[in-house]
Amino acid sequence: MATSKFRPMATYHAAGAIGNFISQSDGIVYMLSTSTYFITPPVTYVTAAARIADLQVAETLARTGATGTAAARDVAFQLVLKDMRNYRNYVQTLADALGSKTN
């Protein structure tokens with residue numbers, strides 16, 4: 001584990017608007033999945049992408065105002081949020097394993 005005061009910190013702040021959150025999540029999955037360094041994620045990239053797609057559909061349905069669609073969207077949102085937090089922890093674990101700022 002890196003012990004330097006320059007220890008790298010993985011941060012994640014979910015975007016406020018649901019549309020921005022979906023775009024942000026898509027970007028994170030894309031950036032991690034195209035890297036050769038992040039090869040053993042805690043949630044597969046296919047699973048995360050499918051959950052993001054499900055959230056997009058749930059958001060579209062929630063905008064119709066039909067009964068129960070907002071609650072379904074909130075469930076899908078929580079799944080994607082959990083995935084993004086798992087990715088943040090995964091990146092931090094890899095950063096800690098490097099040992100120094102220069103690595």
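The values are calculated or read from the model by the stated rules, or taken from the named source; none is laboratory data. Note that the structure is a prediction, hence the values are computed from the model and not measured. Glycine gets a Cβ as well: all are built from the backbone with ideal geometry, and neighbour counts include every protein chain shown. To get the accessible areas, we keep the full protein, side chains included, count just its heavy atoms, and leave off ligands, DNA and RNA. Shrake-Rupley method; radii C 1.70, N 1.55, O 1.52, S 1.80 Å.
Just to confirm the filter: which chymotrypsin sites (Phe, Trp or Tyr not before Pro) across region 4-86 are DSSP coil and have at most 15 other Cβ within 10 angstrom of their Cβ? Walk me through the numbers on the way to the answer.
On the way: sites: F6, Y12, F21, Y30, Y37, F38, Y45, F77; in loops: F6, Y12, Y37, F38.
Here the sparse-neighbourhood loop sites are F6, Y12, Y37, F38.
In terms of the ratio Rg/(2.2 N^0.38 Å) built on C-alpha atoms, what value belongs to region 49-103?
Working: Rg = 16.7 Å, N = 55, 2.2 N^0.38 = 10.1 Å.
Relative to the 2.2 N^0.38 Å estimate, region 49-103 comes out at 1.65.
If you compute mean projected area of the Cα convex hull in nm² for the structure shown, which of (1) 7.0; (2) 9.0; (3) 6.7 do you land on?
Read-out taken from this structure: (1).
Which value in deg cm²/dmol, rounded to the nearest 500, describes the helix-derived mean residue ellipticity at 222 nm for the chain, given -39,500 (n - 2.57) per DSSP H run of n ≥ 4 and division by the residue count?
Numbers: 3 runs with 64 residues, N = 103.
Calculated mean residue ellipticity at 222 nm is -21500 deg cm²/dmol.
Can you compute the charge dipole magnitude of the chain about its Cα centre, using +1 on each Lys and Arg Cβ and -1 on each Asp and Glu Cβ, nothing else charged? Give it in debye, rounded to the nearest 20.
Values: 9 positive and 6 negative charges, 71 e Å.
For this selection, approximately 340 debye.
Using a Förster distance of 22 angstrom, determine the FRET efficiency expected from the C-beta separation of A53 and A97, and round it to 0.05.
Working: r = 32 Å, r/R0 = 1.44.
After rounding to 0.05, the efficiency reads 0.10.
For region 28-33, take each phi angle, set θ = phi - 60°, evaluate the Karplus expression 6.51 cos²θ - 1.76 cosθ + 1.60, and give the result in whole Hz per residue in order, putting x for glycine and proline.
Rounded to whole hertz, the list is 5, 4, 4, 4, 5, 6.
Can you list the residues of region 68-92 with backbone N under 18 Å from a point 7 Å past the Cα of T34, pointing along Cα to Cβ?
Inside the label zone: nothing.
Given a 10 angstrom Cα cut-off, can you work out which residue in T69, T36, T60 is the most mobile in a GNM of the chain?
Its mean-square fluctuation being the largest, the pick is T36.
Quantify, in whole percent, the carbon and sulfur part of the accessible surface of the chain (1.4 Å probe; protein heavy atoms only).
60 percent
Arrange the residues V43, V75 by how much accessible surface each exposes, largest first, with a 1.4 angstrom probe.
Working: V43 20, V75 95 Å².
The most accessible residue leads, giving V75, V43.
Exposed loop trypsin sites (Lys or Arg not before Pro) only (DSSP loop, at most 14 other Cβ atoms within 10 Å): please give the longest stretch of the chain free of them, not including the sites. List each step's numbers first, then the result.
Values: sites that count: K5, R63, K101.
Of all site-free stretches, the longest is 6-62.
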